[in-house]
Amino acid sequence: MASILDKISKEQFDAVYNKYPANKWTKVAFRYFSTDTSPNDMSVINIIKYTLIGLFLIGLIGTILNFPRLLIGIATVTFTGILVLLGILMFGAFIMNNLRINKIRKELDITKEEYDILISAYY
């Protein structure tokens, strides 16, 4: 059986791959929240990370030390809101990226494993 690399050239793969570019939402999510985030983009992640840690600590320490319930409530609601927004952003980007990959796979008539082989070989 011929290898997938023999059946689909880089030019053929690029033509279909570029036909279905990632949308802005997906680009933002993977730019800032992937394992390959560049050092230039780490400032955004650090702001979000330290904000979440700070809000969590306000809620935790506030509960332990009996801070006013309003302060604990504001910290908890803000913390939850940020986490929900991040979850929606990441889940939406994941779904949209999978839909994009499925379109590429369908047009090339390949399986997910073959798509992964092509991505690894050509990119």
Margin query: Scan the stretch 66-80 and tell me whether some residue there is on the phi > 0 side of the Ramachandran plot and not in a helix (DSSP H, G or I).
Written below: yes
Checking G92, G59 in turn, the sole residue that is of a type in the set (G, A, S), farther than 30 Å from D14 by Cβ and assigned to a helix (DSSP H, G or I) turns out to be G59
Could you please let me know if I58 is modelled with pLDDT of 95 or more, among the aliphatic types (A, V, I, L, M) and either more than 22 Å from the chain's Cα centre (by Cα) or exposed (fewer than 14 other Cβ atoms within 10 Å of the Cβ) (or both)? yes
Taking the stretch 30-41 and keeping residues of a type outside the set (A, V, I, L, M, F, W, C) and in contact (Cβ under 8 Å) with a residue 12 or more places away in the chain leaves Y32
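With the requirement that a residue be in a helix (DSSP H, G or I) and either of a type in the set (G, A, S) or surrounded by 13 or more Cβ atoms within 10 Å (Cβ to Cβ) (or both), what does the stretch 30-44 give you?
Within the stretch 30-44, F30, R31, Y32, F33, D41, S43, V44 meet the criteria.
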The correct count of residues that are in contact (Cβ under 8 Å) with a residue 60 or more places away in the chain, farther than 24 Å from T80 by Cβ and assigned to a helix (DSSP H, G or I) in the stretch 1-29 is 10
When the stretch 29-54 is checked residue by residue, the ones that are within 14 Å of the chain's Cα centre (by Cα) and of a type in the set (F, W, Y) are F30, Y32, F33
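The values are calculated or read from the model by the stated rules, or taken from the named source; none is laboratory data. In this text, all values refer to a predicted model and were calculated from it rather than measured experimentally. Note: ideal-geometry Cβ built from the backbone for every residue, glycine included; neighbour counts use all protein chains shown.
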